[in-house]
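Worksheet for the structure shown next.
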Amino acid sequence: MNIYVGNLPYRMTEAELREAFSEFGEVTRAKIVKDKETNRSKGFGFIEMSSDAEAKKAIDGINGKEVGGRALRVNEARPRD
């Protein structure tokens, strides 16, 4: 399952993002979206987990959790149109 993670602290790394979700199961990919010109974080990213059950547990466990002074917004990612 692909998970959207919003309101990330701008200094958070992909390794830190992966670590936050790994307590709920196997993370197959962690990606923070960055500005192409400045290479700075845009404050959101995506996590892919191997199992839907683990992903649902992660969404429930992390949504609203404060990290770096910001409450994360976590939900199932919607496909691009």
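In a DSSP loop and with at most 10 other Cβ atoms within 10 Å, the GluC sites (Glu not before Pro) in the stretch 1-71 are E37.
Relative to the dominant Cα principal axis of the chain, helix 52-62 is inclined by about 60°. Solvent-accessible surface of the chain, taken per residue with a 1.4 Å probe and all protein chains present: 67 Å². Multiplying the residue separation of D81 and E23 by 0.36 nm and removing their Cα-Cα distance gives an extension gain of 17.7 nm. The separation of the stretch 57-81 from the stretch 1-28, counted between C-alpha centres, amounts to 9 Å.
Only helical runs count toward this figure. For the chain, summing -39,500 (n - 2.57) over DSSP H runs of n ≥ 4 and dividing by all residues gives -7000 deg cm²/dmol at 222 nm.
Calculated translational diffusion coefficient of the chain (10 °C, 1.306 mPa s; Stokes-Einstein with Kirkwood radius over alpha-carbon pairs) equals 126 µm²/s.
The values are calculated or read from the model by the stated rules, or taken from the named source; none is laboratory data. Computed from a prediction, not measured in an experiment: that's the story for all the values here. We place every Cβ from the backbone using ideal geometry, glycine too, and count neighbours over all the protein chains shown. Surface areas here come from the heavy atoms of the whole protein model, side chains and all, with no ligands, DNA or RNA. Shrake-Rupley method; radii C 1.70, N 1.55, O 1.52, S 1.80 Å.
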